[in-house]
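Enquirer: The following block contains the structure, expressed as structure tokens.
The values are calculated or read from the model by the stated rules, or taken from the named source; none is laboratory data. Computed from a predicted structure; not experimentally measured. Cβ atoms come from the backbone with ideal geometry, glycine included; neighbour counts cover every protein chain shown. Protein only, heavy atoms only, side chains kept; ligands, DNA and RNA dropped before computing areas. Shrake-Rupley method; radii C 1.70, N 1.55, O 1.52, S 1.80 Å.
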Amino acid sequence: MNRTTLSLIAAATALAAVTGFAVVSTPDGGTTEAAADATTPGRMPVERSSLLCPAPSASDLAETAYTSFTPAGKGDADAKAGSAELVPTDATLAAPDDGGKDKEKKEKDAGKPGESKPVISLKEPGKPVTAEANTAEAPALVGSADGRLAPGWAAQQTTKVTAGQGRGVLGVSCTAPDTNFWFPGASTADERQDYVHLTNPDDTAAVADIELYGKDGAIESDSGEGITVPARSSVPVLLSTLSADSAENVSVHVTTRTGRVGAVVQAVDEEAGSDWLAASAEASGSAVLPGIPADATSVRLVVFAPGDDDADLKVRLASPTGSITPAGHETLHVKAGMTAAVDLKDVTKGEAGSLLLSPAAQGRPTPVVAALRVVRGKGAAQEVAYIPATGQVGERATVADNRAKGSVLSLTAPGAAAEVKVTASAGSGGGEPVVKTYKVKAGTTLAVKAPVPSGLKGSYALTVEPQSGGPVHASRALELPEDGIPMFTVQTMPDDRGMVSVPEAEQDLSVLDD
């Protein structure tokens with residue numbers, strides 16, 4: 001057996017040990033199928049995760065809490081310890097529409113890449129850690145986790161602003177970087193100040209485009225193209241400066257030409273407060289928007305059809321007792337490339353629920369993206385939150401920063417009934433985990449006060465794991481009332497992508513024989 005053959009065997013063996021499968025490259029760059037007979041894919045924990053958190057708020061009254069958490073896994077004892085840290089970006093630059101004000105100062109103050117100390121650092125799975133930032137200068141954060149802290153790593157950023165512009169509770173689950181985002185539910189109206197925050201985690205610059213779509217289609221804009229986001233920096237872009245047109249309901253499309261970014265919309269309403277609008281789930285013929293509070297006083301549905309075909313959708317509300325059709329809003333027609341919005345008012349009628357969108361007729365479904373603008377309270381005591389369409393929980397989903405009071409978990413089974421296990425983790429300052437099981441009837445939403453760890457000190461995380469039955473969609477509302485204002489925020493809980501499919505294989509090294 002020659003040296004080349006031995007090298008190939010060593011490479012194949014090493015690859016099999018790392019990934020669970022092996023292929024042997026042929027001289028022309030192809031693969032030899034006999035060397036790796038792939039069968040049914042297996043599931044293995046991811047080895048690395050990335051998260052990005054936007055700059056919290058420009059208000060001097062902002063109080064921000066960060067929570068970082070990785071759920072405990074079966075293989076934790078055998079996995080390498082790893083680390084999970086969130087560090088400040090090298091700079092949070094002025095938006096392009098501000099003419100780059102203070103840009104040079106912030107770049108100078110940022111220091112050299114890699115010198116920032118972690119704002120929050122997680123050392124072990126199963127127990128959250130927290131940090132605070134009570135300043136208008138708090139930067140965006142970038143971070144990564146590896147080893148046993150990577151699978152299911154979650155981080156929450158919760159900001160409370162008690163008065164002034166941006167008043168409210170702004171909550172966001174820190175997100176993974178990507179190249180494509182849809183945000184139905186934004187606005188360029190005079191009473192709104194909506195910013196897209198673009199955060200670049202990498203060591204090279206990213207270039208992004210922002211497109212706006214209103215009720216009549218694309219909104220003309222010259223300044224939304226070719227926005228440079230420097231390496232390890234964050235750029236907020238005020239949507240109303242991208243176009244001279246004022247539109248109440250806008251769908252925002254963020255894509256990158258080079259690199260990748262984290263993107264989220266900070267929506268500030270002069271009357272109804274503020275919150276973060278997270279990206280909608282990938283465009284699909286059906287959508288689930290879980291967790292409308294029972295006391296919602298106003299609910300607005302915003303839908304966009306990104307393809308070439310119109311969409312005709314059936315609108316249903318999954319209530320605690322079954323699926324019902326909102327009176328007067330049985331269906332919704334969405335023209336291709338246009339944003340449709342409908343005010344459902346107090347659609348829940350005192351019962352928590354979730355909105356279900358599905359094709360109104362048989363045939364090939366038209367993909368859409370969607371979000372809800374939800375208001376609690378009235379008059380000067382209003383507060384707003386946003387619920388984007390979200391993917392199913394899948395194997396597991398986690399949301400961090402839950403409190404002893406005010407955390408409400410919503411579980412929706414749009415098809416078949418399901419059974420779900422919910423784990424309340426240990427507290428950041430102490431307490432023992434608590435596990436409860438819930439049954440969700442078909443076509444309903446089950447809204448419960450989140451289970452609380454015994455002897456809780458600090459905040460904790462909630463992890464949802466379906467046990468049987470049909471798909472489940474979930475969200476968590478965090479209620480933090482202030483001076484009679486029902487301040488709250490809602491975070492959806494899609495699958496945490498902590499596990500990936502890896503093809504199983506049988507290795508046949510006979511092909512390497514001379």
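Enquirer: Give all pairs with beta carbons closer than 7 Å in which a residue from segment 468-494 that is of a type in the set (Asp, Glu) meets a residue that is outside any strand (DSSP E or B); count only pairs at least 6 apart in sequence or on separate chains.
Expert: Final answer for the pair search is 479/406; 479/486; 482/162.
Enquirer: Could I ask something else about it? Take residue 490 and decide whether it is within 29 Å of residue 150 (Cβ to Cβ) and among the β-branched types (Val, Ile, Thr). Lay out the reasoning, then the answer.
Expert: On the way: within 29 Å of residue 150 (Cβ to Cβ): yes; among the β-branched types (Val, Ile, Thr): yes.
Criteria met by residue 490.
Enquirer: On to the next question. Looking at residue 445, is it in contact with a Gly (Cβ under 7 Å, 6 or more places away or on another chain) and open to solvent by less than 50 Å² (accessible area, probe 1.4 Å)?
Expert: Values: in contact with a Gly (Cβ under 7 Å, 6 or more places away or on another chain): yes; open to solvent by less than 50 Å² (accessible area, probe 1.4 Å): yes.
So residue 445 fits the description; yes.
Enquirer: Report, by residue number, each residue of segment 260-289 that is open to solvent by 10 Å² or more (accessible area, probe 1.4 Å), acidic (Asp, Glu) and in a strand (DSSP E or B).
Expert: Hit for segment 260-289 is 269, nothing else.
Enquirer: Do you know which of the residues in segment 376-391 that are out of contact with any Asp or Glu (no Cβ under 7 Å at 6 or more places or on another chain) and either surrounded by fewer than 21 Cβ atoms within 10 Å (Cβ to Cβ) or of a type outside the set (Gly, Ala, Ser) (or both) is nearest to residue 483 (Cα to Cα)? Show your work before the answer.
Expert: Restricting attention to segment 376-391, the residues satisfying the condition of being out of contact with any Asp or Glu (no Cβ under 7 Å at 6 or more places or on another chain) are 378-381, 383, 387-390.
Those still in the list that are either surrounded by fewer than 21 Cβ atoms within 10 Å (Cβ to Cβ) or of a type outside the set (Gly, Ala, Ser) (or both) too: 378-381, 383, 387-388, 390.
Details: 378: 14, 379: 14, 380: 11, 381: 9, 383: 12, 387: 24, 388: 28, 390: 32 Å.
Here the residue is 381.
Enquirer: In segment 138-170, what residues are assigned to a loop (DSSP other than H, G, I, E, B), on the phi < 0 side of the Ramachandran plot and either modelled with pLDDT under 95 or out of contact with any Phe, Trp or Tyr (no Cβ under 8 Å at 6 or more places or on another chain) (or both)?
Expert: 138, 139, 140, 150, 151, 162, 163, 165, 167
Enquirer: Right, another one. For residue 50, all conditions in the list (1) open to solvent by less than 20 Å² (accessible area, probe 1.4 Å); (2) at pLDDT 95 or above hold save one; what is the number of the exception?
Expert: Residue 50 satisfies all of (1) open to solvent by less than 20 Å² (accessible area, probe 1.4 Å); (2) at pLDDT 95 or above except (1).
Enquirer: Take the residues in segment 491-504 that are open to solvent by 10 Å² or more (accessible area, probe 1.4 Å) and of a type in the set (A, V, I, L, M), then tell me which one is modelled with the lowest pLDDT.
Expert: 502
Enquirer: Going by the conditions given, is residue 173 over 11 Å from residue 64 (Cβ atoms), open to solvent by less than 60 Å² (accessible area, probe 1.4 Å), out of contact with any Pro (no Cβ under 9 Å at 6 or more places or on another chain) and modelled with pLDDT of 95 or more? Don't jump to the end; show me each part of the working.
Expert: Values: over 11 Å from residue 64 (Cβ atoms): yes; open to solvent by less than 60 Å² (accessible area, probe 1.4 Å): yes; out of contact with any Pro (no Cβ under 9 Å at 6 or more places or on another chain): yes; modelled with pLDDT of 95 or more: yes.
Yes: the conditions hold for residue 173.
Enquirer: Residue by residue through segment 80-137, note down the ones that are small (Gly, Ala, Ser), in contact with a Leu (Cβ under 9 Å, 6 or more places away or on another chain) and at pLDDT 60 or above.
Expert: Scanning segment 80-137 gives 81, 82, 83, 84, 121, 131, 136.
Enquirer: Which count do you get for residues in segment 124-149 that are over 12 Å from residue 428 (Cα atoms) and either among the β-branched types (Val, Ile, Thr) or touching a Gly at 6+ places or on another chain (Cβ under 9 Å) (or both)? Steps first, please.
Expert: Residues of segment 124-149 that are over 12 Å from residue 428 (Cα atoms), as a first pass: 132-149.
In the following step, the residues that additionally are either among the β-branched types (Val, Ile, Thr) or touching a Gly at 6+ places or on another chain (Cβ under 9 Å) (or both) were identified as 135, 140, 142, 145-149.
Going through segment 124-149 one residue at a time, the tally reaches 8.
Enquirer: Here's another thing I want to ask about it. Can you give me the number of residues within segment 348-364 that are open to solvent by less than 50 Å² (accessible area, probe 1.4 Å) and either hydrophobic (A, V, I, L, M, F, W, C) or modelled with pLDDT of 95 or more (or both)? So that I can check it myself, show each step before the final result.
Expert: Keep residues of segment 348-364 that are open to solvent by less than 50 Å² (accessible area, probe 1.4 Å), which gives 348, 352-360.
Retained after the next criterion (residues that are either hydrophobic (A, V, I, L, M, F, W, C) or modelled with pLDDT of 95 or more (or both)): 352-360.
The number of residues fulfilling the criteria is 9.
Enquirer: Please pick out the residue among 299, 303 that is in contact with a Pro (Cβ under 7 Å, 6 or more places away or on another chain), among the hydrophobic types (A, V, I, L, M, F, W, C), part of a strand (DSSP E or B) and within 28 Å of residue 190 (Cα to Cα). Outline the logic, then answer.
Expert: On the way: 299 fails: in contact with a Pro (Cβ under 7 Å, 6 or more places away or on another chain).
Testing whether each residue is in contact with a Pro (Cβ under 7 Å, 6 or more places away or on another chain), among the hydrophobic types (A, V, I, L, M, F, W, C), part of a strand (DSSP E or B) and within 28 Å of residue 190 (Cα to Cα) leaves just 303.
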